[in-house]
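Reading through the structure tokens given below for one structure.
Read the figures in this text as sums done on the coordinates, not as results from a lab. Computed from a predicted model, the values in this text were never measured in an experiment. Virtual Cβ from ideal backbone geometry, glycine too; neighbours counted across all protein chains shown.
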């Protein structure tokens, strides 16, 4: 299992830094297509909500609460949300005392606490220094993942051109969203961020 840090989620959807956008999306997509189980925690979505709904002139994305909620729903299609358990708080308390954590870094410690409780020892993050102090935690930078295979070339075992491979991934995403919504096409279109007629057109192409 690999935890996905909040900065990767934000990086994957923001548009002010195209390189950050590409790197975050490519890393998550590569790991997902390689069969890695990607996970996150409630703390990640709390942090994402904070950043995404903050005004753009205050280092936020300027989303409405409804837009933020739609992205949180979409994230859960490919990320497994691990629950907040009673063990997380005492684990966090011990971490912040043992490592003398203060200020904003207490949020990272809470993610590490959740990782410890759920026995997740690897995290995908742009901020390597935020997690290096914690023993037993391995930090993977997205550039180390997306650089494994050039994104313009087919992945191993994928003989199709990139365009067709991307279409396969899109179809897999649509199937997962439909399954998650119990076949509710209106809700699925909302989560996917597309018009219902666009979803119907894609479903016709998929023969669903």
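Tabulated values for the structure
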| item | result |
| --- | --- |
| Normalised contact order of segment 2-146, rounded percent, pairs of Cα under 8 Å and 6 or more residues apart | 29 |
| Alpha carbon centroid spacing (whole Å) that separates segment 182-208 from segment 96-144 | 37 |
| 21 Å tail of the calculated P(r), the chain, as % of Cα pairs | 59 |
| Crossing angle, helix 196-206 versus the chain [Cα axis fit, 0-90 degrees, rounded to tens] | 70 |
| Highest-MSF residue in the chain out of 71, 32, 16 [GNM, Cα springs under 10 Å] | 16 |
| Ranking of 4, 106, 39 by count of other Cβ atoms within 10 Å, fewest first | 106, 39, 4 |
